[in-house]
Amino acid sequence: MLIIVPGPASVKMGEKIAEILNLETINVEFKVFPDGESYLRLKRDIKGEKAIIVQSTYPPQDTHLFQLYLLIDTVLRQGVKEVTVTVPYLAYSRQDKIFRPNEVVSVVTILRILEKLGVARLITVNIHESKVFQNVSFSCINLSATRILAEYFKSLNDVVAFAPDVKAKRMAEEASQVLGGPYGWFRKERDRVTGEITMNQDGDVEVKNREVVLFDDIISTGATTAKAVKILKDRGASHVYAACIHALLREDAYKKIIESGAEVVVATDTTPSEVSKVSVVPLIAQTLKNIS
Ligand code: R5P
């Protein structure tokens, strides 16, 4: 039998998925020791079941990742038949290759840990670079929430979907299929040491007097989005709306983006935040239904 094990980072999401699929939820007792270590205990033995652990790894990433590892190891020690991990936001995904000599490739290390622990399947949403899955042999499913995010802006007219960098170009293209207009993108360069960003438009999409929705996978400090919004406004876009899948919104990211001229910031609920208005729960539930 399939059962849902919601980790401490995704209790509500796990419960909602279980409700849609009519599956049992195994509650996880959770506390933090005075020194900061996590304690987890499943409310019952789940030997012989197929477990679906739901745990997003938004900040504090290391804590949420470690809790995920603890849960995987625990259910496997209990003798479950199979473990699927649903990690809507997979932390460290941007460190997906060696940019500077001798540095870590964090996301590959995480995937290798999941492999060593013995997961059968990973389900995630809009991972920064899906090529990293080539490093492991278990099944990895990368869902795209771009279309459901674009649906949020469906009432706008004469819309250009835009990407702040080449990596997000595919998102803008996918969103434009929902929004019915053209798509454009910038070429972004980021200084790997100082973090400074430069951006130039590629292609020739006109934004003057048009509505623009800017799509990116992640908003962290907001520097990328704020810079792109400002350029689009300077070029005469009537309104610019900022959308992302994973809203990390560190420091004063939200303020920065609004002050740069954006009307709103809208994200999915892969990471909980005030702007997480679009839920990926139905998308994940449908995927789990298809593979079970
Ligand atoms: C980078 O390639 C990502 O797709 C995002 O554009 C980036 O992580 C956003 O970071 P920030 O909000 O700090 O500029």
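The values are calculated or read from the model by the stated rules, or taken from the named source; none is laboratory data. Keep in mind it's a predicted model, so treat the numbers as computed, not measured. Using ideal geometry, Cβ is built from the backbone for each residue, glycine included, and neighbour counts are taken over all protein chains shown.
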When you go through Arg250, Arg192 one by one, which is the residue that is over 24 Å from Val178 (Cα atoms) and within 11 Å of the ligand (Cβ to nearest atom)? Arg250
Give me a count of the residues in segment 247-292 that are surrounded by 23 or more Cβ atoms within 10 Å (Cβ to Cβ) and assigned to a strand (DSSP E or B). 5
Which pairs have Cβ atoms under 7 Å, sit 6 or more apart or on different chains, and link a residue in segment 148-170 that is at pLDDT below 95 to one that is in a loop (DSSP other than H, G, I, E, B) and surrounded by fewer than 23 Cβ atoms within 10 Å (Cβ to Cβ)? Asp158/Gly181; Asp158/Arg210
Could you check segment 18-28 and list, in sequence order, the residues that are more than 16 Å from Leu65 (Cα to Cα) and either among the polar types (S, T, N, Q) or touching a Leu at 6+ places or on another chain (Cβ under 7 Å) (or both)? Leu21, Asn22, Leu23, Thr25, Ile26, Asn27
Pairs with Cβ under 6 Å, 6+ apart, first in segment 202-223 and in contact (Cβ under 8 Å) with a residue 12 or more places away in the chain and within 19 Å of Phe153 (Cβ to Cβ), second aromatic (Phe, Trp, Tyr) and within 15 Å of the ligand (Cβ to nearest atom): Val212/Phe162; Leu214/Phe162
Here are some conditions: (1) at pLDDT 95 or above; (2) within 16 Å of the ligand (Cβ to nearest atom). Gln286 meets all but one. Which one does it not meet? (2)
Residues to consider are Lys227, Lys208, Lys256; find the one that is at pLDDT 95 or above, away from the ligand (no atom under 11 Å from the Cβ) and among the basic types (Lys, Arg). Lys208
Answer yes or no as to whether Val240 is part of a loop (DSSP other than H, G, I, E, B) and either within 10 Å of the ligand (Cβ to nearest atom) or more than 15 Å from the chain's Cα centre (by Cα) (or both). no
Gly184 - would you say it is in a strand (DSSP E or B) and either over 20 Å from the mean Cα position of the chain (by Cα) or over 23 Å from Ala51 (Cα atoms) (or both)? yes
Conditions first: (1) out of contact with any Pro (no Cβ under 8 Å at 6 or more places or on another chain); (2) β-branched (Val, Ile, Thr); (3) within 20 Å of Lys81 (Cα to Cα). Thr25 passes all but one, so which condition is the exception? (1)
Within segment 96-149, residues touching a helix residue (DSSP H, G or I) at 6+ places or on another chain (Cβ under 6 Å), of a type in the set (S, T, N, Q), assigned to a helix (DSSP H, G or I) and within 25 Å of Glu174 (Cα to Cα) come out as Thr146
Can you report the number of residues in segment 68-100 which are touching a residue at least 40 places away in the same chain (Cβ under 8 Å), more than 18 Å from the chain's Cα centre (by Cα) and under 30 Å from Lys167 (Cα atoms)? 3
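Taking only segment 262-292 into account, find how many residues are of a type in the set (A, V, I, L, M, F, W, C), within 24 Å of Leu23 (Cβ to Cβ) and within 15 Å of the chain's Cα centre (by Cα).
Step one: of segment 262-292, the residues of a type in the set (A, V, I, L, M, F, W, C) are 262, 264-267, 275, 278, 280-281, 283-285, 288, 291.
If we keep only those that are within 24 Å of Leu23 (Cβ to Cβ) as well, we get 278, 280-281, 283-285, 288, 291.
Among the residues that remain, those that are also within 15 Å of the chain's Cα centre (by Cα) are: 278, 280-281, 283-284.
Summing the residues that are of a type in the set (A, V, I, L, M, F, W, C), within 24 Å of Leu23 (Cβ to Cβ) and within 15 Å of the chain's Cα centre (by Cα) in segment 262-292 gives 5.
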Which is surrounded by fewer than 20 Cβ atoms within 10 Å (Cβ to Cβ) and within 19 Å of the chain's Cα centre (by Cα), of Arg190, Arg147? Arg147
